[in-house]
1. Looking at Y49, L122, A266, which one has the Cα that reaches farthest to the positive end of the dipole of the chain (charges on Cβ: Lys, Arg +1; Asp, Glu -1)?
2. Using a Förster distance of 30 angstrom, determine the FRET efficiency expected from the C-beta separation of A10 and A110, and round it to 0.05.
3. What is the extension gain from K34 to E204, computed as 0.36 nm multiplied by their sequence separation minus the C-alpha to C-alpha distance, in nm to one decimal?
4. Placing unit charges on C-beta atoms (Lys and Arg positive, Asp and Glu negative, everything else neutral), compute the dipole magnitude of the chain about its Cα centre in debye, rounded to 20.
5. Loop only by DSSP, 15 or fewer other Cβ within 10 Å of the Cβ. Give me the chymotrypsin sites (Phe, Trp or Tyr not before Pro) in the range 140-241 that pass, ordered by residue number.
6. Work out the charge dipole of the chain with +1 on the Cβ of Lys and Arg and -1 on the Cβ of Asp and Glu about the Cα centre, then indicate which of P109, I430, G193 is farthest towards its positive end.
7. What's the extension gain from E131 to H455 if we count 0.36 nm per residue and subtract their Cα-Cα distance?
8. Give the order of V24, V173 when sorted by the count of other beta carbons within 10 angstrom, beginning with the fewest.
Amino acid sequence: MDIKEFRKEAHSLVDWMADYLENVEKYPVKSQVKPGEILNSLPDSPPDYPEPFDKIFSDFEKTIMPGITHWQSPSFFAYFPANSSPPSLLGEMLTSTLGAQCMSWQTSPAAAELEERVMGWLRDMIGLPKEYTGVIQDTASIATLCSILTAREKITDYNINKTGLFKANKFAVYCSAETHSSIEKAVRITGLGSDNLRKISVDENYAMISDQLEKAIEDDIKNSITPLCVIATMGTTGSTAIDPLEKIGRICKNHKIWLHVDAAFAGSALVLPEMRWMSKGIEYADTFVFNPHKWLFTNFDCSAYFVKDEQALVRTFEILPEYLKTKEGDRVKNYRDWGIQLGRRFRVLKLWFVIRTYGVNGIREKIRKHLELGIWFKDCIEKSDSFELLAPVSLNVVCFRYHPPSINDETELNKINERLMDSINSTGNIYLTHTTLNGKFTLRMVIGQTFVDNHHVENAWQLIQDIVLLI
């Protein structure tokens, strides 16, 4: 493909992209294909000779699009959102066009310095103390892994990177029973082992019980196990429960334990001053992460990771072979030393586009709207005789189930709600997912897609009530 053909096809693709965003609501939200259907429609072998772009794109429309679940539909209420927006897409297009490898300052000075500035903006937007410094990671999973690795190295004077774990003390990591599975994965990857992850009990609101945390720490100390790190969650995946950060922080300070805060989804809400009750006690945290690619209208992947001890992070990850040495030294930030990856995409460009296009007040308006819609849906559940809330609504995630007055058997209720969810999703009109809370099959209504509006949520509630009459 030469530049002339590229120009022609690129114009066509941008038109298609705009049409897609304009008409995304016409697609079934959840893909309706069966397992293997896409695979079986693809050739077993790649082409030996060039194929024209119009044929490739035709196959994309006929073969690939039916197998796409439309995360950008305003009727997508599943998981947590993976939001995008027009300015984010434009920034991503430029990032892909430039194809810059932004591993160090020298490889693209603008990428490094823009990231430094925008992460300062973001820190101030969500009300973090000035002592925190930010870096963009790909996901919160990787940010959490970086935090645990940094905690491991700092407590051992950076010796495990040199000598390995075999001579190290036995360490323990602490999180709530509702914490994301990425925590356990990180504990495995760091070599600490799942057996040394302490999952602390939660209260009736599914938040960590701080007294139980302190007891677990004291028990480990008595057994000559070194407490390494506590992960507090601001907005658990199941129900967006908020762990008591201030109480946890004081415990960590008293025992000199590293504290990481996982706010992957909920952290975006901190742009609202009225939501900063969630971050009371944040000054105790060593590291903090949230994902603009979830609820800050910036397409995947873009995870904002903030650290209090910049040098501890760099000492954990810095390796400087001759071919990476540059003359700038400490005058610049070489973000290759701020995480696991050596190679780095120019992720900050799309975030810069989003913040400047909407402005802080525009971002606040959207997030405040989502919270209001969550309250509206919660009120609908509470007013209904046939539905019930299964968790407090602290943000814009409503955990509920269908509970007809005539049925009280939990096994039967679980089956009914699973059938309800499958029936709802099979319509293609909306998409819901579930969790389990106290053994109860729980439907999750997540209202956070970039362009979701009142009528989308109202239509969803009506559809749910209509489907109930059919199951």
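1. Going by the Cα projections, it comes out as L122.
2. Calculated transfer efficiency: 0.80.
3. Gain on extension, K34 to E204, equals 57.3 nm.
4. Working: 52 positive and 61 negative charges, 262 e Å.
Computed about the Cα centre, the dipole is about 1260 debye.
5. Values: sites: Y158, F166, F171, Y174, Y206; in loops: Y158, Y206.
Here the chymotrypsin sites (Phe, Trp or Tyr not before Pro) that fit, given the DSSP loop and packing criteria, are Y158.
6. Of the options given, the answer is P109.
7. Extending this stretch completely gives an extra 112.4 nm.
8. Listing V24, V173 from fewest to most nearby Cβ atoms yields V24, V173.
Every read-out reported here was derived from the displayed coordinates using simple, explicitly stated rules and does not represent laboratory data. Keep in mind that this is a model prediction, so the values were computed, not measured. So basically every Cβ, Gly included, is an ideal-geometry build from the backbone, and we count neighbours across all protein chains shown.
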